[in-house]
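J.: I am attaching a structure below and will ask some questions about it afterwards.
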Amino acid sequence: MPPHTPTRDEALALLKEYNTNEALIKHALAVEGVMRYMAAKRGEDPEKWGIIGLIHDLDYEKFPEQHCIKTREILQQHGWPEEYIRAVESHGWEIQNQVEPQTDIEKVLYTIDELTGLVTACALVRPSRSVMDMKAKSVRNKWKQKSFAAGANREIIAKGADMLGMELDDLFTDVIMGMREVHEQIGL
């Protein structure tokens with residue numbers, strides 16, 4: 001199948017074909033929201049960035065041992081462009097593969113994937129259970145507690161922030177703002 005530019009509807013249908021876990025789908029929607037926000041802020045294409053964010057964990061539920069690897073095969077079968085496939089693969093750098101993030105879109109996805117999980121956990125312990133009243137300070141306070149949201153790899157987040165040349169508080173703010181744009185879909 002020759003490469004074509006996928007639509008959001010195609011990406012969402014493919015995501016739901018391979019993932020039924022509601023938490024994974026909400027995570028994908030959160031990453032999509034942040035990717036769209038970051039793209040707009042950088043003068044890039046929010047649609048493209050959002051689609052890549054939405055599809056980034058396509059293979060995670062069905063093929064956890066082949067995460068970021070099986071996605072290449074699936075997306076190639078559906079005629080997705082190499083640029084999209086490589087961007088998705090790069091978020092597994094040094095964990096699942098050796099596809100180092102090189103472009104801005106790849107660096108952002110690599111960085112914010114783990115951070116959306118930490119921000120979600122921070123929102124869930126707030127009285128409001130929402131990102132709508134959250135500030136970077138809330139995330140920074142929980143950042144220091146290694147046992148809090150221990151699955152959110154802080155080394156990857158910090159490494160990604162360095163790659164992007166961003167201070168952590170600015171990154172936290174951007175992720176919160178991106179998640180606010182999809183707060184209803186992700187229940188926060």
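A short reminder: the numbers here are calculations on the coordinates, not readings from a lab. These numbers come from a predicted model, not from an experiment. Neighbour counts run over all protein chains shown; Cβ positions are idealised from the backbone, glycine included.
J.: For Ile186, Ile52, Ile85, what ranking results if the residue with the fewest other Cβ atoms within 10 Å of its Cβ goes first?
T.: Arranged by neighbour count, lowest to highest, Ile186, Ile52, Ile85 become Ile85, Ile186, Ile52.
J.: Using only the alpha-carbon atoms, how far is helix 154-164 inclined from the longest principal axis of the chain? Give it as 0 to 90 degrees, nearest 10.
T.: So the inclination is approximately 70 degrees.
J.: Can you tell me the length gained on complete extension of the stretch Gln185 to Asp162, counting 0.36 nm per residue apart and subtracting the Cα distance?
T.: Separation in residues times 0.36 nm, less the Cα-Cα distance, equals 5.3 nm.
J.: Mean separation of Cα pairs under 8 Å and 6+ residues apart, divided by the residue count of the stretch 1-86: what relative contact order is that in percent?
T.: Rounded, it is 36 percent for the stretch 1-86.
J.: Let me ask something else. Can you list the equivalent-ellipsoid semi-axes of the chain, largest first and in whole Å, using the square root of 5 times each Cα gyration tensor eigenvalue?
T.: Taking √(5λ) for each Cα gyration eigenvalue gives 25, 17, 16 Å.
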